[in-house]
Amino acid sequence: MKKETLAIHSSHLTDETAASIAAPIFLSTTFERSEDGSYPKGHMYSRNSSPNRQVLENALAQLEGGEIAFAFSSGLAAVNAVFQCLQSGDHVLMPQVGYYASYKLAEEIYGSWGLQVSQVDMTDLPAVEKAIQKNTQLIWVETPANPMLSLSDISAICQIASKKGIKVGVDNTLASPILQSPIALGADMVMHATTKYIGGHSDILGGALILKENNDWAKRILRVQILMGATPNPMDCYLLARGLKTLAVRMAQHSKNAAILAEKLEKHPAVEKVHYPGLPSHPQFELAKKQMPNGQSGMISIQLKAPENATQKFASSLQLFQQATSLGGVESLIEHRKSIEGPQSNTPGNLLRLSIGLEHADDLWADLSASLDKL
Ligand SMILES: *Cc1c(COP(=O)(O)O)cnc(C)c1O
């Protein structure tokens with residue numbers, strides 16, 4: 001089946017009580033045992049497993065083409081479970097440009113427990129190969145990457161890694177399972193902040209890991225999920241499974257809107273640079289077409305021909321675009337990254353990150369161009 005169909009039918013929860021079409025929500029934390037002490041429906045206690053979470057996990061596994069998936073209570077809880085598969089003294093290679101908190105988790109929390117972490121420019125394949133050490137166990141890839149929307153070549157990195165028996169994990173949050181399939185490109189595991197496109201409505205914090213194989217890492221991650229207990233609640237699992245049903249059509253619209261706006265922004269005299277992998281001016285345009293053949297997501301970064309304070313003012317002057325962090329919701333957001341990242345940030349002061357929502361592109365452009373014309 002195609003992903004559009006899978007997204008709807010794999011997230012279905014069959015209801016034996018009322019034959020309802022919409023999924024029921026099972027809030028119960030505990031499940032009844034049979035006379036012989038077994039658990040007839042496979043559930044014992046909801047930290048271990050629960051019906052709404054099981055449906056969500058099965059659907060995510062199918063959409064990403066993996067054997068098994070695990071849902072967590074945030075994207076970072078999912079990243080944490082991956083690092084928990086490593087031992088003290090192991091080395092992990094992380095991207096120079098990527099979600100800041102994922103790197104901080106490895107470096108700050110696991111660094112003090114003896115995990116070795118180094119960063120490399122993941123867009124530079126010879127540099128990746130050179131940065132591999134004897135004790136490297138994991139290469140963590142994020143593509144497209146925050147905030148410059150640079151791409152990393154998943155299949156090339158997986159080829160380098162597999163020669164040396166190194167696992168590759170891909171943060172697929174910015175692409176969504178619809179637009180990019182890391183496991184098909186050779187990755188061992190895929191991570192999502194389901195907070196973003198999968199939830200899609202800016203009202204759920206969640207994360208997921210999907211593994212290509214139900215291997216030793218999967219068994220360890222299952223133990224981490226249960227024993228560390230960062231599991232999502234049934235209501236959030238229901239909402240995420242519901243989010244999956246519209247994910248393909250939402251991604252198509254995010255993608256279409258962003259492509260229209262990126263082109264218009266690039267032509268506007270007040271815009272210095274547009275970072276969008278779907279534009280021929282993007283340094284990795286060819287890789288974008290190969291790795292994400294069905295289009296780019298709704299993320300665009302722009303640099304204005306304006307100093308930092310005027311850039312920040314621009315962000316707050318818009319009417320439809322709301323100034324806030326995060327991404328992937330139905331509403332368009334704009335964010336000044338440098339002031340969010342803090343003083344150590346390398347992000348240019350004139351850069352704004354846009355999460356293009358599902359509004360009509362004409363209205364979004366009217367909003368952007370009205371403020372751009374005043375610069
Ligand atoms: C948001 C995000 C995360 C972290 O997810 P949370 O749900 O906030 O913990 C990780 N990676 C990327 C790319 C993200 O955008």
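The values are calculated or read from the model by the stated rules, or taken from the named source; none is laboratory data. Fair warning: this is a prediction, and the values are worked out from it, not measured in the lab. Note that we place each Cβ from the backbone using ideal geometry, even for glycine, and neighbour counts take in every protein chain shown. Remember, those area values only see protein heavy atoms, side chains included, never the ligands or the DNA or RNA. Shrake-Rupley method; radii C 1.70, N 1.55, O 1.52, S 1.80 Å.
For the reader, a short list of remarks on this structure follows.
- For the range 241-305, accessible area per residue (1.4 Å probe, heavy atoms of protein chains only), Å²: 43 Å²
- Shown here for the range 330-375: trypsin sites (Lys or Arg not before Pro) in loop regions (DSSP other than H, G, I, E, B) with at most 15 other Cβ atoms within 10 Å, namely Lys374.
- Cα gyration tensor category, rounded, prolate or oblate, for the chain with a/c compared to 1.5: oblate
- Of all beta bridges that DSSP places with both ends in the range 248-372, some 85 percent have antiparallel geometry.
- Here the chain exposes an accessible surface that is 53 percent carbon and sulfur, computed with a 1.4 Å probe and the other protein chains kept in place.
- Beta-bridge orientation, the chain: approximately 60 percent antiparallel, per DSSP, counting only bridges with both partners inside.
- Straight-line cross-link partners of Lys374 among the aspartates and glutamates, defined as a Cα under 18 Å from its Cα and at least 8 positions apart when in the same chain: Glu266, Glu272, Glu308, Asp363.
- Crossing angle, helix 51-64 versus the chain [Cα axis fit, 0-90 degrees, rounded to tens]: 50 degrees
- The chain - mean residue ellipticity at 222 nm from DSSP helices (-39,500 (n - 2.57) per run, n ≥ 4, rounded to 500): -11000 deg cm²/dmol
- Annotation for the range 107-212: trypsin sites (Lys or Arg not before Pro) lying in DSSP loop with at most 15 further Cβ atoms inside 10 Å of their Cβ are Lys134, Lys164.
- Average accessible area per residue (Å²) across the range 1-152 - probe 1.4 Å, nucleic acids and ligands excluded: 49 Å²
- Of Lys212/Lys289; Lys134/Lys196; Lys305/Lys338, pairs whose Cα-Cα distance is over 26 Å: Lys134/Lys196
- Relative contact order of the range 3-245, defined on C-alpha pairs under 8 angstrom at six or more residues apart (%): 26 percent
- Distance from the C-alpha centroid of the range 138-184 to that of the range 312-375: 26 Å, rounded to the whole angstrom.
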